[in-house]
Amino acid sequence: MLIQTLGIIPLIMPPFVGAVAMALLFGANGSVNLLLDDWFGFNIPFMEGLNGVIFVESIHYFPFILINLSAALNNIDRAMEESAQNLGAYGVRLFRRIVFPLAMPGYVAGAALVFIKVFDDLGTPLLLNINNMLAPQAYLRITSIGISDPMGYVISVILVAFSLLALWVSLLALRGKDYSTVQKGGGGLMRRDLRTWEKVGCYAVVILILLLVLSPHLGLLLLSFGTVWSFSVLPDAYTFGHYVTVFSEASGYITNTLLYAGLAAFFDVIIGTAIAYIVWRTGLPGRKWLDYGATAALAVPGVVIGIGYLRTYHGFNVPIIDQPLASWWVIIVVALTIRRLPYALRACMAALQQVSIMLEEAAENLGATKGRTVWRVVVPLMSGGILAGFVTSFATASVELSATLMLVAVDSDAPLAYGIYEFMQSAAGRGPGAALGVIGVVFVGLGTYFSHRIIERSRASRESTAIVAEGATA
Amino acid sequence: MTSIDTSAAGVDIESLNLSFDDTHVLKGINLSIEPGEFFAFLGPSGSGKSTLLRAIAGFGPTPNGRILIGGEEIAHLPPWKRNVGMVFQSYALWPHMTVRRNVAFGLEERKVPAREIVTRVDAALEMVGLLDLAERRPAQLSGGQQQRIALARTIVVEPRVLLLDEPLSNLDANLRIQMRRELRELQQKLKLTTIFVTHDQEEANTTSDRMAVLNDGVIQQIGTPMALYDNPANLFVATFLGTANVLAGAVEDAGGGAQFNSVDGAHIPVDSAERGPRNLMFRPQNVTIAAADASADAGGVRLTGTVRHMEFLGSIIRYAVAIGADTVLVDDRHQQGAPVFAIDNRVSLLLPKDQLTVLQN
């Protein structure tokens, strides 16, 4: 449990924020290499060039794979493993022939998702000064040469193509292989009792991984409280000054983020609920394509959305306020809404599937119209899932950089992630930037925690629904 | 003839105790199953019957006590070294393998030569009549077919004992009846020691040579289905196996013989050497319902009461008759044109003495 919770924390921070902290911990003059140099007299070039990007991204997205894999393992019926043991398989062979193939789809799906996310990441390579990757190239082309440079668009198309390919691979991995084999009764693989030395070994490995995974956060925390931190293992002194700076100068970033991400998440759950209802409860022709279309947004890199909106609405002036739509802050909300729709949609669909159609039919039988039924029965029953969708969308939107970097026209309209990025550009801004990052992590972390609590509570009061739903499927 | 060749082994369980954390699930189980016997563990859910089966296969917490198969102690062995075949309730066919690969799995783990694997898998699939489905995936099969494949996968390795964990519970009613016959036939053909776990007394009655009734982690009684039905050792066995009328009271001396006096005032002569507080049990079909003025045969007992309910069940009519404060169920074989006793009528109930069973409290 603890291992899982701690493993998820990195997801609520954009990877580029961690990149700066990691540079300080693992870079050529970072803490780890200074220690290694002192004690053993050698360095490990963790953060040199492409290594750095790979290192940061793999640590950052490790939890993604963890979540996918643990879900996949949880869905394997214990009897699958037991029947193999009963027939003589054990140990490594058991894992290789039964457990691993059954968990494979979850594994591939997780890997494909991470591929898309890393592929799309703009902030990390930019901050680490690695510009010869596709996403940074697209950004730099557009910002330095100009909006009419065709290379930016070519790169965008390539980005989309590769992302779609990865999405397709993950779908291929999952298709026809719904191995979630849990029957009523025992779910999940059996717990193993380990011998003492095995336990010690396991904990040692787990702690090492956790330290690695959490190192960006520790680094960020130190950075936000530290005064000067260079060529030393730890900062020279500690101060609250950076937080003061942030609240006096940069509170606009925070309010902007709350506004943009809140609006985007709000629209996401409304659209998500509507699409989920249309797909699952109506016979509308082409409803499947609505689902595919909304999900495909997952495969469109943020940079591409940014560039696309920038180009399309460049010459389009909003009538009343009389400025181009492309540089108005509303376009950021629109971009975030599109970017995060797939998350909200998945949550809403899952929630709707849990609501037995008999509950709706009962309401209609008692005289409620379709609309009234949705409003009074379906939406309340879905509220847990809708809330989960809102929080996921909100949390991920508030740390989004790839799409917004393109679309922010004036600093006063910029959200949190953009602010952090701006701060991090200069050595002096790192302290306040880190402070802003910590604030963001705390915000999103609290939001996630409370929504989790609310969902747990409402689930407890809704056991009866589960019974009805079970009856419907039996 | 079949190429599946099993050598039956007996199963002996000696003072077996098992706990999940603080819950004592199996309490002092002693059991001896003959080689080639079809044995059923029958009990309600939570009685520990599946836990006992899993303990024989080597799953679940390590029990205290001894488990012997063919005289050999196996309680300390891991599941993969026991050579007991188990068919799981969910079948547990691996979805990523074809039927053939599923069935071949156990032989591959035993390092059987590839040529022999092919012939033995074919023979096992032939035996369950599904050889033509060998290249399918489990998801493409019906429930009954999956069940047969699971069975083939288990018997192909020629286990010393076959364990069946509620194998019929996921099938629909008609298929269940057909499959339990097939199971019995297969077991007879292979002469394979078989343990069958079920909560359905009809399944246990129709398949098994002997059965053990479990409740609350304790074996209540062991015997043939008919012996247990006719002579239940206690109230639980009596009521779990079919419908039973149970009167609370005591057996006391009366005129040189024994008489059962119910709490509510019925006096029934019984053949019993014991005295003291007891229950009297008899089955609804062993009671005859008659007009109020009918008289009992020699060796019979006559009670009078009032009809309270009547249910027409097709082959029988089931009456609920109030005798004092007790209610007795009576099954009357339905014949066309036979008189029906209406509700609130006074009636006689005729009980043959040899159909009465005195039970310990």
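The values are calculated or read from the model by the stated rules, or taken from the named source; none is laboratory data. Source: prediction; values computed, not measured. Neighbour counts are summed over all protein chains in view; Cβ atoms, including those assigned to glycine, are modelled from backbone coordinates with ideal geometry.
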Out of B:G265, B:G299, which single residue is surrounded by fewer than 12 Cβ atoms within 10 Å (Cβ to Cβ) and farther than 27 Å from B:M226 by Cα? B:G265
Against the definition (more than 20 Å from A:M424 (Cα to Cα), at pLDDT 75 or above, under 23 Å from the mean Cα position of the chain (by Cα) and in a helix (DSSP H, G or I)), how does A:V114 come out, yes or no? yes
Would you pick out the residues in the range B:167-221 that are aliphatic (A, V, I, L, M) and within 19 Å of B:R54 (Cα to Cα)? B:L168, B:L192, B:I195, B:V197, B:A204, B:M211, B:A212, B:V213, B:L214, B:V218, B:I219
Please indicate, with yes or no, whether at least one residue in the range B:244-252 is of a type in the set (V, I, T) and without any contact (Cβ under 8 Å) to a residue 24 or more places away in the chain. no
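Within the range B:33-52, is even one residue surrounded by 19 or more Cβ atoms within 10 Å (Cβ to Cβ), under 18 Å from B:V218 (Cα atoms) and either within 13 Å of another protein chain (Cβ to nearest Cβ) or out of contact with any strand residue (DSSP E or B) (no Cβ under 8 Å at 6 or more places or on another chain) (or both)?
Yes - at least one qualifying residue is present in the range B:33-52.
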Which ones in the range B:141-166 are of a type in the set (D, E, K, R), closer than 18 Å to B:S50 by Cβ and not in a loop (DSSP other than H, G, I, E, B)? B:D165
Out of B:P159, B:P167, I need the residue that is touching a residue at least 24 places away in the same chain (Cβ under 8 Å), in contact with a strand residue (DSSP E or B) (Cβ under 6 Å, 6 or more places away or on another chain) and either more than 10 Å from chain A (Cβ to nearest Cβ) or at positive phi (or both). Which one? B:P167
Anything in the range B:281-300 that is in a helix (DSSP H, G or I) and in contact with a Leu (Cβ under 6 Å, 6 or more places away or on another chain)? List them, or say none. B:P284
The range B:57-67, residues that are within 11 Å of chain A (Cβ to nearest Cβ) and of a type in the set (V, I, T): B:T62
Where a residue in the range A:96-107 is at the interface with chain B (Cβ under 10 Å from one of its Cβ atoms) and its partner, wherever it lies, is outside any helix (DSSP H, G or I), with Cβ under 6 Å and at least six apart: A:P101/B:H96; A:L102/A:I76; A:L102/A:Y179; A:P105/A:K177
Across the range A:62-90, what is the total count of residues that are at the interface with chain B (Cβ under 9 Å from one of its Cβ atoms) and in a helix (DSSP H, G or I)? 9
Residues located in the range B:326-361, provided they are touching a strand residue (DSSP E or B) at 6+ places or on another chain (Cβ under 9 Å), not in a strand (DSSP E or B) and not charged (D, E, K, R): B:H334, B:A338, B:P339, B:V340, B:F341, B:A342, B:I343, B:N345, B:Q355, B:L356, B:N361
Of everything in the range B:280-305, what is of a type in the set (D, E, K, R) and more than 21 Å from B:G257 (Cα to Cα)? Give them in sequence order. B:R283, B:D293
Identify all residues within the range B:99-135 that are away from chain A (no Cβ under 13 Å), at negative phi and part of a loop (DSSP other than H, G, I, E, B); write none if there are none. B:P113, B:V128, B:L130, B:A134, B:E135
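Step by step: first the residues of the range B:84-98, then only those that are small (G, A, S) and surrounded by 24 or more Cβ atoms within 10 Å (Cβ to Cβ), then the one that is farthest from the other protein chains (Cβ to nearest Cβ). Which residue is that?
By that ranking, first place goes to B:G85.
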Are any of the residues in the range B:71-83 out of contact with any strand residue (DSSP E or B) (no Cβ under 6 Å at 6 or more places or on another chain), acidic (D, E) and not in a strand (DSSP E or B)? no
Of the residues in the range B:68-83, those that are closer than 24 Å to B:N30 by Cβ, crowded, with 17+ Cβ neighbours inside 10 Å and either over 27 Å from the mean Cα position of the chain (by Cα) or more than 7 Å from chain A (Cβ to nearest Cβ) (or both) come to B:I69, B:I74, B:A75, B:R82, B:N83
